[in-house]
Amino acid sequence: MLCTAPPPLHLSILHKNPKFFPARATHHNRSSTAPLFTVRSSSSVKEIEKPIENPAVKEGELSSSLRDLAPLPPIRAAKRVVLVRHGQSTWNEEGRIQGSSDFSVLTAKGESQAETSRFMLIDDAFDVCFSSPLIRSKRTAEIIWSARKEDIITDSDLREIDLYSFQTSFVALNSAIRKIFAGVAEFAGYGAALRRRGLLKHEGKAKFGSAFRQWQIDAPNFNIDGHYPVRELWARARNCWTKILTHESRSVLVVAHNAVNQALVATAIGLGTEYFRILLQSNCGVSVLDFTPRIEGGSPYICLNRLNQTPNSPVAGSSAGRKASKRMVFVCHGSSEGSSEARIPCTGDMPMNMLGIIQSQKTAELLLDLKVSAIVSSPKVASVETANVISQVQEAADCLGADCVPRYVELKQMQDLDVGNILQQSKKASDSSWLNGYEAEVKTAIWVQLGQAWKSLLEELSSESEVENIVVAVGHPVAHIALMGHCLNLTKEWMGSFHLDAGSISVIDFPDGPAGRGVIRCINYTAHLGRWSIPITRSVTDDEAF
């Protein structure tokens with residue numbers, strides 16, 4: 001008989017910590033920093049401006065109810081879509097607001113990032129490439145597409161968010177236009193001056209005052225020149241999906257921009273404008289979405305296979321320009337005996353195999369860029385082994401000299417991170433394709449249990465003893481999928497919308513502290529595993545069902 005209630009919360013200290021880590025089952029209140037919610041619809045911008053009338057939802061929280069979401073067009077065969085943000089541009093480098101303006105170009109670093117992305121995707125059999133028509137994205141697409149013979153399709157709906165007056169100085173623009181008419185020969189000089197006039201962030205704050213502040217803290221309701229840019233962007237992204245999914249192709253590359261790629265990911269899996277700036281897109285970051293047809297027809301099944309696989313380290317830098325002193329890192333334990341890539345990874349209490357040991361070592365090396373405060377793991381053997389490897393590398397990191405003293409990293413176990421017993425009770429486990437194939441009661445039990453784990457991890461992250469607090473949670477991929485769902489304030493029905501691989505990491509920043517909204521830096525990042533990684537994409541011919 002399946003037990004749908006979670007077991008009592010229990011954590012045990014593995015070593016060196018004399019203090020008992022208490023149960024944490026109290027409700028965790030989140031701060032009200034997010035915008036009001038909006039009804040999602042692709043039919044018009046006007047329709048999505050209507051506020052949600054739901055007194056149960058507090059202002060500032062993320063909402064996960066599916067409301068007025070127009071279905072995506074049906075597909076006849078599985079389709080994989082790979083999104084790439086353009087490389088660093090000159091205005092990125094200078095910190096200017098560029099929006100859909102087309103005056104910036106790729107820097108040398110941006111060209112190098114695009115080249116790295118080309119190598120990341122070089123073995124993928126793309127059928128078609130869609131690109132924004134803006135110079136910085138089109139150039140990135142040309143580098144990645146390289147020697148492929150098919151033409152790149154440019155689509156104006158893939159341009160970056162329209163920011164109107166924020167994008168440039170109208171004084172400079174009008175001056176440049178007058179000079180063009182006065183003498184064409186002078187245009188190049190004034191064009192260069194115009195390119196330098198993209199507003200810096202502090203200039204935007206000084207010039208637009210309260211409007212700029214609303215753009216920073218309440219973007220979905222931000223209005224400029226009579227427009228709601230984020231709402232317009234969501235409607236545009238939804239239109240893009242119709243064109244992408246109805247195109248006769250199986251594997252699609254899309255090269256665009258930060259905000260529009262956020263909107264594409266969000267509208268695909270059914271998230272509204274309140275998720276703007278929650279799903280990070282770094283320069284040349286790669287995100288992958290899988291679309292699978294339904295037997296009965298209609299909108300396809302959608303799975304976010306990975307988010308923001310970056311050319312550089314996913315743990316370096318800020319979150320959308322905001323520094324975060326609190327961070328949570330989800331580490332999927334290394335591959336264990338009996339694991340199978342085609343189905344849910346091994347749910348038994350098996351040790352890691354040789355591949356898993358290599359994966360855990362690679363993960364520990366990646367996390368050397370961080371000063372980890374605590375490692376919390378599932379009590380399962382593979383998770384404990386992975387946690388131990390990370391702990392050992394962390395503690396040795398500051399002990400390279402003869403006089404160094406090893407740094408202490410708290411290592412703990414959390415019973416609620418263990419989902420193996422629940423998954424093993426499913427009668428469909430042998431032929432399930434990730435979480436969509438499991439019984440409703442199994443998904444409910446996982447969701448409830450990991451809800452308790454999420455509250456405990458947030459309290460661990462809230463420790464006042466550490467100004468900078470980084471908590472690493474090690475467990476089964478299914479556990480981390482549920483944790484991300486709780487972070488995004490989704491419901492259990494969303495668990496089938498995410499995929500994680502053994503040895504992968506996912507990173508969440510909390511720029512407003514653990515009581516604020518988490519910013520997802522990456523999901524299912526595997527580039528650090530090198531030759532032992534799961535490919536970013538799989539060839540359509542080799543794996544028709546992805």
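The values are calculated or read from the model by the stated rules, or taken from the named source; none is laboratory data. Just so it is clear, the model here is predicted, and its values are computed rather than measured. Methodologically, a virtual Cβ is constructed for each residue, glycine included, from the backbone with ideal geometry; neighbour enumeration extends over all protein chains shown. The accessibility values were calculated without ligands, DNA or RNA, using every heavy atom of the protein model including side chains. Shrake-Rupley method; radii C 1.70, N 1.55, O 1.52, S 1.80 Å.
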Original post:
Shape of segment 320-532 from its Cα gyration tensor (a ≥ b ≥ c, root eigenvalues): rounded if a/c is under 1.5, otherwise prolate when a/b > b/c, or oblate?
Top reply: oblate
Subject >> Per-residue SASA entry for residue 447, accessible area with 1.4 Å probe, Å² rounded to 10 >> reply: 40
**OP:** Go ahead and run the numbers for FRET between residue 70 and residue 444, Cβ-Cβ distance against an R0 of 35 Å, rounding to 0.05.
**Re:** 0.80
Original post:
FRET efficiency for residue 463 and residue 149, Cβ-Cβ distance as r, R0 = 45 Å, nearest 0.05?
Top reply: 0.20
Subject >> With all protein chains modelled, accessible area of residue 151 [1.4 Å, Å²] >> reply: 130
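Need the full-extension length gain, residue 312 to residue 425, defined as separation in residues times 0.36 nm minus the C-alpha distance. One decimal, nm.
This chain segment gains 36.6 nm when fully extended.
Give me the number: length gained by fully extending residue 491 to residue 119, i.e. 0.36 nm times residue separation minus the C-alpha to C-alpha distance, one decimal in nm. Don't skip to the answer; put the middle values down first.
Details: separation 372, 0.36 × 372 = 133.92 nm, distance 3.69 nm.
Additional length available on full extension: 130.2 nm.
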**OP:** Round to the nearest 0.05 the FRET efficiency obtained for residue 381 and residue 112 when R0 = 56 Å and r is the Cβ-Cβ distance.
**Re:** 0.85
**OP:** Sort 427, 138, 201, 326 from largest to smallest accessible area, using a 1.4 Å probe on the heavy atoms of the protein chains.
**Re:** 427, 201, 138, 326
Subject >> Protein-only accessible surface order, largest first, of 208, 119 at 1.4 Å >> reply: 119, 208
Original post:
Say a paramagnetic label sat at a point 7 Å from the Cα of residue 127, along Cα to Cβ; which residues of segment 229-263 have their backbone N under 13 Å from it?
Top reply: 244-253
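Sorting 484, 350 by accessible area (1.4 Å probe), largest first, what list results?
Working: 484 0, 350 80 Å².
Output order, biggest surface exposure first: 350, 484.
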**OP:** Just grab the label-to-label distance for residue 369 and residue 142, each label 7 Å out from Cα along the Cβ direction, in nm (one decimal).
**Re:** 2.9
Subject >> Centroid-to-centroid separation of segment 76-118 and segment 443-475 [C-alpha atoms, Å] >> reply: 34
Original post:
Which whole-number value in Å² is the accessible area per residue of segment 320-532, probe 1.4 Å?
Top reply: 36
Original post:
Of the trypsin sites (Lys or Arg not before Pro) in segment 352-425, which ones lie in a loop per DSSP and count no more than 15 other C-beta atoms within 10 Å?
Top reply: 371, 407
